[in-house]
1. Over 14 Å from ILE532 (Cα atoms) and in contact with a Pro (Cβ under 8 Å, 6 or more places away or on another chain): which single residue out of ASP466, ASP429, ASP475 fits that description?
2. Please list, ordered by first then second residue, the pairs with beta carbon atoms under 6 Å, 6 or more apart or interchain, first in the stretch 130-141 and over 17 Å from HIS118 (Cβ atoms), second surrounded by fewer than 11 Cβ atoms within 10 Å (Cβ to Cβ).
3. Which of the residues spanning the stretch 133-142 are assigned to a helix (DSSP H, G or I) and surrounded by fewer than 16 Cβ atoms within 10 Å (Cβ to Cβ)?
4. Quick check on the stretch 506-538: of everything there that is among the hydroxyl-bearing types (Ser, Thr, Tyr) and assigned to a strand (DSSP E or B), which residue is surrounded by the most Cβ atoms within 10 Å (Cβ to Cβ)?
5. Within the set of pairs 6 or more residues apart or between chains, which connect a residue that is under 13 Å from ASP475 (Cβ atoms) inside the stretch 516-527 to a residue that is of a type in the set (Asp, Glu) with Cβ atoms less than 9 Å apart?
6. Would you check which residues across the stretch 428-484 are of a type in the set (Ser, Thr, Tyr) and assigned to a strand (DSSP E or B) and list them?
7. Could you list, in sequence order, all residues of the stretch 157-189 that are more than 15 Å from SER213 (Cβ to Cβ), in contact (Cβ under 8 Å) with a residue 60 or more places away in the chain and of a type outside the set (A, V, I, L, M)?
8. Assigned to a helix (DSSP H, G or I) and closer than 30 Å to ASP318 by Cβ: does that describe GLY337?
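The values are calculated or read from the model by the stated rules, or taken from the named source; none is laboratory data. Quick caveat: nothing in here was measured; it's all calculated off a predicted structure. All Cβ positions, glycine included, derive from the backbone under ideal geometry; neighbour counts span all protein chains shown.
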Amino acid sequence: MSKLRYYSLLRNVNYFLKHANLWSLGKMFCLLRSSQLTKDFVLWFASSTIISPLLGGAGGGYFVNRRKIGDKLAVIFGLLIFAAILVCGWYIYGQTKHHLDQELGQRLIDIAQTIATHANGAIITQLVPGNETGLTYRNLVSQLNSIKHKTAVKRIYLFDANHRSLVDTEREIPIGIEYLKLKFDQLELERVWQKNGAASVLFLGDDGYYYKSGYAPILVNDKVVAAVGVDASATFLQILNRFRRNVFTFALACVIISVAIVFLVSKTITNQIHQLVAAAEKIGKGDFATSIKINSKDEIGYLGRTMEEMRLNILNRDEQMKLMLANVAHEIRNPLGGIELFAGILAEELGQNDPARAHLFKITKEVRKLNDVITEFLDFARHKEPQKRDVYLEELIQSAYFTLELEFEKAAVEFQAQVQPQELKVNVDPEQFKRVFINLFKNSLQAIQNSKITAGKLTVTSSQKDRMVEISVNDNGAGIPAENIPKLFEPFFTTKEKGAGLGLAIVDKIISDHGGSIDIQSTEGEFTKVIIRIFHSG
């Protein structure tokens, strides 16, 4: 039954910490009535909520590997409240125990002194072993028993300076038996033989309960001839122990309640922080469309408003940059178009064998390259929403290949497309994704041409898993140095003599706009494999 209560308690605690449910909190307190269960729960709760978050390790259900503000606040407030209540409770417990101990000792001394005052020391000291059946001894025992019952003490006994019994309310104790326990009260008895009352410290009886003894001297002609001992149970300790358990349980309850309150309060803070973190991540990825709305008027609200101003400033600067790029591209393209046009006219006017025609063709070629660079800049700067529709993947791949077919033939590179199944459709913008494949194919062609192999090969394969399509573009070209792979999607990063370094950045942007991902695996001098993951149609 205890084990069932224990597991039931842990289930309610875990549920409460996850959902802050007051019903579980109530059930928890009902289960905490067992003292052993309370101890077990404290060990589990401390390791889960205090030790584990501080060490950053795994502990309980809710706190596994979490180092959040809510956890830290809960630990700090929980520890402070727990420590404060325990310190106060322990102080009250100690003071109460001290005063009750003194009060019990004084009461036992008073009882012993009362008995000593009315005792006839001359008669008592004449008692010898064998007098237990005599009338005098029986009268003395009867008087002591009467006092014992009236004062609710456990035992009253008279003894001499050698710690030997004279009279005892315990029937089995004969005259002349030495009280061994008195050897532990030597300091107290020294005061008694000096005509003073004294009380012993608390001691554990044979029955497992704590007791205390009070002593007083019996005088004859102002001389101590014997002493009275009175033993009583320290029943107040049982009450104090219950008080101590109650203080501990109360402290634990306060910790649980404070942790719950901290979690509820910190939720409002952490939720706003999560919003700011999500907004910062979006801004870091270049998504400036989502506004940041934090209604709080504290520091977090101020931070949110500052981030919103930053977002708007970036958007404004981005729009200005796009406008500037468009104007620059327009101003550059106009003369480039004129140069290409007049170069063509001049080439027609020259004879077929005129050596100047080669220079004109070179001019035209360079103008077109420059025009392509301008187009890349504009495509990278402008955000164009993809116009998605369902298209056959194989048609996209073949369309990109046909655009570059002459370059494949010129480089003597074998091309293979293995789309499975052949009727596989993807939901993409056809023009944008054709651009993706063209850029990747161009990179593969250049890598193969830069290698020393004679049989270049580029293979495109696909596979389908759940709602995702994985497309692999493999080539056996020169490969990519490992240190360059993390930088490949950075704008303007390039290892080529020509080009703006925007090709893969544009590819990454297009795939991200489609909700997909791209990954590159390569070994220098052996191969390069580009893996694209996108959603298939439907």
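1. ASP429
2. Close Cβ pairs (under 6 Å, with a partner that is surrounded by fewer than 11 Cβ atoms within 10 Å (Cβ to Cβ)) do not exist here.
3. Across the stretch 133-142, the qualifying residues are THR133, LEU135, THR136, ARG138, ASN139, SER142.
4. THR528
5. PHE527/ASP475
6. THR459, THR461, SER462, SER463, SER472
7. The answer is ASP160, and nothing else.
8. Yes, satisfied.
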